[in-house]
Amino acid sequence: MSELSPDTVDQPAQSEDSDSASASAPTDDRGPTETKADPEVTIESVIEAVLFASDEPVTLPKLAAIVETTGQQCRQCIEQLNERYQTSQSAFRIEQIAGGLQMLTLPCYNLWLQKLIRVRGESKLSPASIETLAIIAYKQPAIRADIEAIRGVASAEMIRGLMSKGLVKMVGRADIIGRPMQYGTTKRFLEVFGLDSLKDLPTIEELKRPPDVPDTEG
C-alpha cells in the first residue's frame, strides 16, 4: 500500500535527560485518558475518502490533484482498493462513469436501494403538508374545520397524507355539534423533527420575532 507521507528517516535517539524530562512533565489533574490512534493515512485511504464523500464522478486529473500524486498512481491504488473490496465482499466498487470515477454499489443491491429511494420520496412533505402539520401541531387537538379556516382551503387530503406518513393521528372527537374528529401529532412527528416533546416547539412569539439586525450606526 502506497504511503501518502514521504519515506520516514532514522531519527536520533533521545537522550536520557530528555527521557527524564518527559517522565517528570506535569500531568492533567483529571488523570490519564485513553486515546484512540488515528488510522494510517495513505494515498489509497485518501482516494477512498474523497470518492466516498463525493456525490458525483471525479475526473482522474482532479483526483490526482486533490491527493497530490500522479494519475498512474491513482489508477494503481484504485485497482488495489477494488481488489480489497472484492476480497471482503463489499457492496461497492470504484467505477469509471461519465468521464470520472465514482464509488457505486453493485447491481445486485438495486432492489433494496429502490426501496430506500421510495421511502425517502414518501417521507417528503410539500409546503401545503407542512402548513397543515404546523397548524395541527400548535392547535391540537384540532378539527378539520379549524385547519381549513386558517388555511383558507380544503385540507382533508393533506390530513390523510400526513396520517399515512404516521405524523398525524385521530385523538378523539370534539364535544360540539356533529362531534367532528380531532387530530394531533404522533411520536413519529417528534422523532422526525428532533423534538423531545411538544413543549420544545418554538413559541408563536419566537416565530414572529424578526431576525436580529446589527446596528450599523456609529
Limited to segment 117-146, what total is found for residues that are more than 19 Å from GLU157 (Cα to Cα) and modelled with pLDDT under 90? 4
Is it the case that ILE117 is among the β-branched types (Val, Ile, Thr), assigned to a helix (DSSP H, G or I) and either in contact (Cβ under 8 Å) with a residue 24 or more places away in the chain or in the same structural domain as ASP175 (by TED's automatic domain parsing) (or both)? no
Note: among ARG93, ARG144, just one is of a type in the set (Lys, Arg) and outside the structural domain of LYS199 (by TED's automatic domain parsing), namely ARG93
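Among the residues of segment 83-97, is any assigned to a helix (DSSP H, G or I) and surrounded by 14 or more Cβ atoms within 10 Å (Cβ to Cβ)?
yes
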Residue under evaluation LYS124, criteria (1) charged (D, E, K, R); (2) over 33 Å from the mean Cα position of the chain (by Cα); (3) farther than 22 Å from THR203 by Cβ, criterion not met: (2)
Taking the condition of being of a type in the set (D, E, K, R) and at pLDDT 90 or above, how many residues in segment 88-116 meet it? 2
Tell me the residue from LEU133, LEU111, LEU104 that is touching a residue at least 24 places away in the same chain (Cβ under 8 Å) and either under 30 Å from the mean Cα position of the chain (by Cα) or surrounded by fewer than 14 Cβ atoms within 10 Å (Cβ to Cβ) (or both), please. LEU133
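The values are calculated or read from the model by the stated rules, or taken from the named source; none is laboratory data. Just so it is clear, the structure is predicted and the values come from calculations on it, not from any experiment. All Cβ positions, even for glycine, are placed from backbone atoms using ideal geometry, and neighbour counts span all protein chains on display.
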